[in-house]
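The values are calculated or read from the model by the stated rules, or taken from the named source; none is laboratory data. Since this is a predicted model, take the numbers as computed values, not measurements. All Cβ positions, even for glycine, are placed from backbone atoms using ideal geometry, and neighbour counts span all protein chains on display.
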Amino acid sequence: MTWHLRRKLIAFGIAFTLSGPSFALVGQAQAPMQDGSALIGKTVAIEGLLDENGRTVTLAPQPVEAGPLILAPIYARCPHTCSPLTLNLLRALQDAGSRLGTYRVASLSIDPNETPQNLQAFRQRLGLPAEWALVREPDVGRLKALLAELRFVAVERSDGQFDHPNVVYVLSAEGVVSSVLPGLALTGADLVSAVEQARRGGMPWWRQYLFALAAFGLAASAWVFAVTWLRRLTSARTQGRKAEAVPLRR
């Protein structure tokens, strides 16, 4: 970890400490929990977004060669966890280094009123590299639909801020969710494992095994049904012919 990044993390840690216990209690009580278990293996289209320069961006689906997608939902004016989460993700990416192979990383704003200027300031403030995409969805309906697809629950408070989970998604290039990671605690090793899993198709090996087993079971059942049906049909025809061959008694 570079000293510049370490200094930013320390500064945000001090800010959290000085913010007092009242926010911590309220945030922990109201922040919606993220249950990612039901999301693993699901395909999510993340397309038609706008970056900080107004260009249309499609994050998923993409060709396999584009590499897995690491996605962090945030909003640029967030006064609390969004910046520490992003800095922790940046640190984890630096720790993982070349072990990640080809990948993409993006921050998705959960604020329907997000502005390009705020995203640009967010990039500059945290020192994010140029390849790190910052995207927004200005259409409220489309944004809600996308967050619902991701099972991401953001609750707007009376002061205009949002309570939200602090998670990072890892998806395959095609948009299959492979992992939902704790954003404030993830490590470089966590990212390497999740990206490798996404590169294999987005599902852990045991779930792929269960799907293959289920598919085999369905195929075997269909084969048994077809064979049984053909045998019964053949048997019925044979019995019919025998009945026709029996002479009538007078």
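Just a few scattered comments:
- Checking THR102, THR115, THR56, THR81 one by one, the residue that is touching a strand residue (DSSP E or B) at 6+ places or on another chain (Cβ under 9 Å) and loosely packed, with under 15 Cβ neighbours inside 10 Å is THR56 and no other.
- Any strands (runs of 3 or more DSSP E) falling wholly within segment 28-140 and containing at least 3 residues that are touching a Ser or Thr at 6+ places or on another chain (Cβ under 9 Å): 69-74, 133-136
- Residue match in segment 130-149 (condition: buried (at least 18 other Cβ atoms within 10 Å of the Cβ), hydrophobic (A, V, I, L, M, F, W, C) and under 10 Å from ALA76 (Cα atoms)): yes
- Any hit, segment 162-179, residues being in the same structural domain as LEU85 (by TED's automatic domain parsing) and without any contact (Cβ under 8 Å) to a residue 40 or more places away in the chain: no
- Condition met for SER193 (crowded, with 20+ Cβ neighbours inside 10 Å, under 17 Å from the mean Cα position of the chain (by Cα), among the polar types (S, T, N, Q) and at pLDDT 75 or above): no
- Enumeration of residues in segment 151-200 that are of a type in the set (Gly, Ala, Ser), at negative phi and assigned to a loop (DSSP other than H, G, I, E, B): ALA154, SER158, SER172, ALA173, GLY183, ALA185
- Subset tally (residues that are polar (S, T, N, Q) and free of Cβ contacts under 8 Å to residues at least 40 places away in the same chain) for segment 138-161: 1
- In segment 103-126, the residues that are over 10 Å from ARG77 (Cβ atoms) reach residues that are of a type in the set (Val, Ile, Thr) and exposed (fewer than 15 other Cβ atoms within 10 Å of the Cβ) with C-beta atoms within less than 9 angstrom, at least six apart or across chains, in these pairs: PRO112/VAL140.
- Inside segment 164-175, residues that are farther than 19 Å from TYR75 by Cα and surrounded by 24 or more Cβ atoms within 10 Å (Cβ to Cβ) make up a count of 2.
- Out of TYR75, TYR169, one residue alone is in contact with an Asp or Glu (Cβ under 8 Å, 6 or more places away or on another chain) and modelled with pLDDT of 95 or more. It is TYR75.
- Taking each residue of segment 182-206 that is of a type in the set (Lys, Arg) and looking for partners that are surrounded by fewer than 16 Cβ atoms within 10 Å (Cβ to Cβ) and at pLDDT 95 or above with beta-carbon atoms closer than 9 Å, six or more apart or interchain, yields ARG199/VAL64; ARG199/GLY101; ARG199/THR102.
- Taken over segment 70-89, the residue count meeting the criterion of being touching a Gly at 6+ places or on another chain (Cβ under 8 Å) and of a type outside the set (S, T, N, Q) is 5.
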